[in-house]
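To keep things clear, I will list the structure first and then write my remarks on it.
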Amino acid sequence: MSSESTTVSSNFLRVIIEDDLATGKHESIVTRFPPEPNGYLHIGHAKSICLNFGLARQFGGRCHLRFDDTNPAKEELEYIESIKESVRWLGFDWGEHLYYASDYFDQLYQWAEHLILQGKAYVEELTADEIRKHRGTLVEAGVESPYRNRPVEENLDLFRRMRSGEFPDGAKVLRARIDMAAPNMNLRDPVLYRIIHAPHPHVGDSWCIYPMYDFAHGQSDAIEGITHSICTLEFEDHKPLYEWFLDNLPVPSHPRQYEFARLNLTYTVMSKRKLHELVTQSLVNGWDDPRLPTLMGIRRRGYTPAAVRAFCERIGVGRSDSWIDMSILEDCVREDLNECAPRVLAVLRPLKVVIDNYPADQIDEFEAANHPQKPEMGSRKVTFSRELFIEQDDFAEDPPKGFFRMTPGGEVRLRYAYIVRCTGVVRDDNGTVIEVHCQYDPASRGGSASDGRKIKGTIHWVSASNAQDAEVRLFDRLFTDPNPDRGGIDYKQFLNPDSVVTLTSAKVEAGLATVDSETRLQFERQGYFRLDPRDSLPDRLVFNRIVTLKDAWTKK
C-alpha cells in the first residue's frame, strides 16, 4: 500500500448515495460531522470524520463541521479548538461551512413553542428520578405525568418564564407529548429543554434553557439542508424520534438518518468516561499521552494522517458491530512509514566497542542510503571511529543456536563499514561485560571480504566520536487484554505495566541533532520513531517509538 490508499472500497452508504444521485433524489450531497465539544476526539471519531468528509469529497458535495453544543455545563472552547485542529490534521476542511447548534437556538425555541401550541409539548415539574420511574420499562408501559394535560396557555406561559430565568436548575423541563406506551422508550414523552444557568462557550449568557441533543440534532440537520445524516448504530433507536420532530415541525428540509457500526478497537478503551478516568487518575500522562487512542495521542506518538485515513478505508463501513484488531491499525502505520521514513542508525541500549587496530586519531565516513528502495531520497555521511556503540543484545559470550551477531572469536559486518572480529571483553566488578574489543579488516570497506569469505551477520552501530545522547520511549499497547472494556469487571486491572519503557542512555547518529519533530524515521532494525514534539529540547532529544518493524503481539 502506498502512503495514501488509492483503492476506494465499497460500502452500503456509497451505494445509497450513488442511487440517490442517479435517480435525482438529490442533486448533490451534504453531510456533516457533528461532535459535541465536551472532550477530545479519538480514533473512533476519525472513522466518522473520514466517512463524512470522504463521501462528500468523492461525490462532489460538501461536509459541514457542526458543534452540537447543547450542554454548557460540559463544553469548553478548548475542546472546540482541539476538534478543529484534529479535523484539519486528518486532511479535511469544512471551508465556510462551520456551524454550531447554538447558532439555531432562536429557531429551536420557536419550534418548541410551535409544539406547545399544537398540544404536542408540555412543561413538566416532576424530578428527573420521577420522570425516569414514570417512563416504565421495556415490558411495561409508562405512566402519564400529572402535568401532561396542562392547558396550552399555561404551558406557553411557564416555558416563557423558564426562558426568562425565573426558575432554578432542575425545577422544570419541557417534554414532548408523544406516547407513554410506545414500545420505543425514546418516544415516551422525551425531554426537549432543561434549565441550566451556566455561561455557554459560544453564545455566552444569552440563554438559561438549553435544548436536549435529540431535539437540536435533527432540526440542525434540517436547517443546514443535510441530505445524509450519518451516525453510529447506538442512534438507531433514536431514529423514530428524529423523524417525529421533522414530521411535526415546519422544517425547511427533511434529512434521512443512516446508521453505521462504530469502531471497536482491541487493546484500548474509547469511552469518554473511561478516558477521562485514565487522565484524571494519572494512569496516563494527559490527553495527548501517546498510548491513548485520542487523536492528540496518536498524533504525538507519530501516526500519520495518511495512515489513519488508510486504516478507516481498509476496515470499511458496515451495519454490524465488530472488533477491529489493533494490528490492522499498526500495519497501516507501518506501510505508510515504510514508504516515506528515512533510515538512520540508533543504538537504544549501548555497549561500547573498541577497535584496537583502528588508528585512534582517524575518522572515516561512509555513504549511507536514506532509503534502500528509494534512491531519490538521497544519502548521508555516517562517521566511523575507533570507538563505537552497538546494541547490548547484538553481543553474546555464549550465543544460542542461530545467533549470527557478535561473539568472541567470531566475525560480523558493521553496516556500511567494515568486518570486525571480537577479540576480548572488559567486565565490571559484577562480571558484566561493559566493553568489547575487536580487530577490523581494512580490506573489507563497505562490508565485503576481499577473500570472498561469507559473513552471516550484520549489525548497526553509531560512532562514539559524535553520537548524540537521546532518551527513547518504547510505547506498547495500553492494555494486556484485547477487550478490557467488557462489562462486569474493572478495565483498569488490564493496564499493561510495560506500555512504556523509557531508555535514557540511547545513542543516535549525529545528524539527528537537528531533525524536525514532524519527520518520521526508521531506526534500522528497531522500528519507526519521531522526535517528541512536547518534551524534546535543543539539548535534549526525546524520541517516541511509533510502531515496531513487525507485529510482535501475534507471538504472544
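The values are calculated or read from the model by the stated rules, or taken from the named source; none is laboratory data. Quantities reported herein were computed from a predicted structural model and do not represent experimental measurements. When we count neighbours, we look across all protein chains shown, and the Cβ atoms used for this are built from the backbone with ideal geometry, even at glycine.
Go through Leu329, Leu283 for me and flag whichever is touching an Asp or Glu at 6+ places or on another chain (Cβ under 8 Å) and over 30 Å from Leu117 (Cα atoms).
Numbers: Leu329 fails: touching an Asp or Glu at 6+ places or on another chain (Cβ under 8 Å).
When all the criteria are applied, what remains is Leu283.
Filter the stretch 223-276 for residues that are acidic (Asp, Glu) and touching a residue at least 40 places away in the same chain (Cβ under 8 Å) and give the result.
Residues satisfying the conditions are Glu224, Asp237, Glu259.
Taking the conditions exactly as written (over 21 Å from Phe366 (Cα atoms) and surrounded by fewer than 19 Cβ atoms within 10 Å (Cβ to Cβ)), does Gly447 satisfy them or not? Walk me through how you get there before you give the answer.
Numbers: over 21 Å from Phe366 (Cα atoms): no; surrounded by fewer than 19 Cβ atoms within 10 Å (Cβ to Cβ): yes.
Judged against the criteria, Gly447 is not a match.
Report, by residue number, each residue of the stretch 244-271 that is closer than 29 Å to Ile178 by Cβ and loosely packed, with under 15 Cβ neighbours inside 10 Å.
Result: Asp247, Pro250, Pro252, Ser253, His254.
Between Gly457, Gly446, Gly452, Gly488, which is among the small types (Gly, Ala, Ser), touching a residue at least 24 places away in the same chain (Cβ under 8 Å) and farther than 21 Å from Leu351 by Cα?
Gly446
Can you spot a residue in the stretch 382-396 that is over 23 Å from Ser505 (Cβ atoms) and surrounded by fewer than 16 Cβ atoms within 10 Å (Cβ to Cβ)?
If we filter the stretch 382-396 for residues that are over 23 Å from Ser505 (Cβ atoms), which is where we start, we get none.
Checked the stretch 382-396: no residue is over 23 Å from Ser505 (Cβ atoms) and surrounded by fewer than 16 Cβ atoms within 10 Å (Cβ to Cβ).
Being in the same structural domain as Leu329 (by TED's automatic domain parsing) and under 19 Å from the mean Cα position of the chain (by Cα) narrows it down to one residue among Val547, Val501, Val542; which is it?
Every option except Val547 fails the conditions.
Given the condition touching a Leu at 6+ places or on another chain (Cβ under 9 Å), assigned to a strand (DSSP E or B) and β-branched (Val, Ile, Thr), answer yes or no: does some residue in the stretch 479-491 qualify?
No, the stretch 479-491 contains no residue that is touching a Leu at 6+ places or on another chain (Cβ under 9 Å), assigned to a strand (DSSP E or B) and β-branched (Val, Ile, Thr).
Going by the structure shown, is His217 of a type outside the set (A, V, I, L, M), in a loop (DSSP other than H, G, I, E, B) and modelled with pLDDT of 95 or more?
no
Could you name every one of the helices (runs of 4 or more DSSP H) located completely within the stretch 257-337 that has at least 2 residues being over 11 Å from the mean Cα position of the chain (by Cα) and either more than 13 Å from Lys47 (Cβ to Cβ) or basic (Lys, Arg) (or both)? Break it down into steps so the answer makes sense when it comes.
Values: elements: 272-280, 295-301, 305-315.
Once the helices (runs of 4 or more DSSP H) in the stretch 257-337 are filtered for at least 2 residues that are over 11 Å from the mean Cα position of the chain (by Cα) and either more than 13 Å from Lys47 (Cβ to Cβ) or basic (Lys, Arg) (or both), what remains is 272-280, 305-315.
When the residues of the stretch 75-94 are narrowed to those that are small (Gly, Ala, Ser) and part of a helix (DSSP H, G or I), which ends up farthest from the chain's Cα centre (by Cα)?
It comes out as Ser82.
Could you tell me which numbered condition His460 fails, if it satisfies all but one of (1) modelled with pLDDT of 95 or more; (2) surrounded by fewer than 16 Cβ atoms within 10 Å (Cβ to Cβ); (3) not hydrophobic (A, V, I, L, M, F, W, C)?
Single failed check for His460: (2).
Would you mind telling me which numbered condition in (1) in contact with an Asp or Glu (Cβ under 8 Å, 6 or more places away or on another chain); (2) under 30 Å from Cys438 (Cβ atoms); (3) not charged (D, E, K, R) Asn357 fails?
The failed condition is (1).
The rows are residues; the columns are (1) in contact with a helix residue (DSSP H, G or I) (Cβ under 7 Å, 6 or more places away or on another chain); (2) farther than 12 Å from Ile459 by Cβ; (3) in a loop (DSSP other than H, G, I, E, B); (4) in contact (Cβ under 8 Å) with a residue 40 or more places away in the chain.
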| residue | (1), (2), (3), (4) |
| --- | --- |
| Gln373 | no, yes, yes, no |
| Glu376 | no, yes, no, no |
| Arg380 | yes, yes, no, yes |
| Thr383 | yes, yes, no, yes |
| Ile390 | no, no, no, yes |
| Asp393 | no, no, no, yes |
| Asp398 | no, yes, yes, no |
| Lys401 | no, yes, yes, no |
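Restricted to the stretch 62-80, and to residues that are free of Cβ contacts under 8 Å to residues at least 40 places away in the same chain and surrounded by fewer than 22 Cβ atoms within 10 Å (Cβ to Cβ), which residue is nearest to Ala310 (Cα to Cα)?
Only one residue fits best here, namely Arg62.
Can you find even one residue in the stretch 61-74 that is more than 18 Å from Lys272 (Cβ to Cβ) and either of a type in the set (Lys, Arg) or at pLDDT below 95 (or both)?
Checked against the condition, which is being more than 18 Å from Lys272 (Cβ to Cβ) and either of a type in the set (Lys, Arg) or at pLDDT below 95 (or both), the stretch 61-74 yields at least one hit.
Assuming Ile83 fulfils every condition listed in (1) buried (at least 20 other Cβ atoms within 10 Å of the Cβ); (2) touching a residue at least 60 places away in the same chain (Cβ under 8 Å) apart from one, which condition is it?
(2)
Which of the residues belonging to the stretch 339-368 are surrounded by fewer than 16 Cβ atoms within 10 Å (Cβ to Cβ), under 32 Å from the mean Cα position of the chain (by Cα) and either over 30 Å from Leu90 (Cβ atoms) or without any contact (Cβ under 8 Å) to a residue 24 or more places away in the chain (or both)?
Arg349, the sole residue that qualifies.
Output the residue which, of all residues in the stretch 86-133 that are small (Gly, Ala, Ser) and in contact with a strand residue (DSSP E or B) (Cβ under 7 Å, 6 or more places away or on another chain), is surrounded by the fewest Cβ atoms within 10 Å (Cβ to Cβ).
Ala112
Quick grid of which residues meet (1) assigned by TED's automatic domain parsing to the domain that holds Pro252; (2) in a helix (DSSP H, G or I); (3) more than 39 Å from the chain's Cα centre (by Cα):
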{"position": "Gln107", "(1), (2), (3)": "yes, yes, no"}
{"position": "Trp111", "(1), (2), (3)": "yes, yes, no"}
{"position": "Leu115", "(1), (2), (3)": "yes, yes, yes"}
{"position": "Lys133", "(1), (2), (3)": "yes, yes, no"}
{"position": "Leu138", "(1), (2), (3)": "yes, no, no"}
{"position": "Gly142", "(1), (2), (3)": "yes, no, yes"}
{"position": "Asp157", "(1), (2), (3)": "yes, yes, yes"}
{"position": "Phe167", "(1), (2), (3)": "yes, no, yes"}
{"position": "Arg175", "(1), (2), (3)": "yes, no, no"}
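Pairs only if they're at least six apart or on different chains, beta carbon under 9 angstrom, first in the stretch 513-524 and assigned by TED's automatic domain parsing to the domain that holds Asn544 and within 16 Å of His371 (Cα to Cα), second among the polar types (S, T, N, Q) and buried (at least 18 other Cβ atoms within 10 Å of the Cβ); list them, first residue then second.
From residues that are assigned by TED's automatic domain parsing to the domain that holds Asn544 and within 16 Å of His371 (Cα to Cα), the pairs are Arg520/Thr304.
Testing Ser3 on (1) small (Gly, Ala, Ser); (2) within 21 Å of Gly316 (Cα to Cα); (3) at pLDDT 95 or above, one condition comes back false. Which one is that?
Ser3 satisfies every listed condition except (3).
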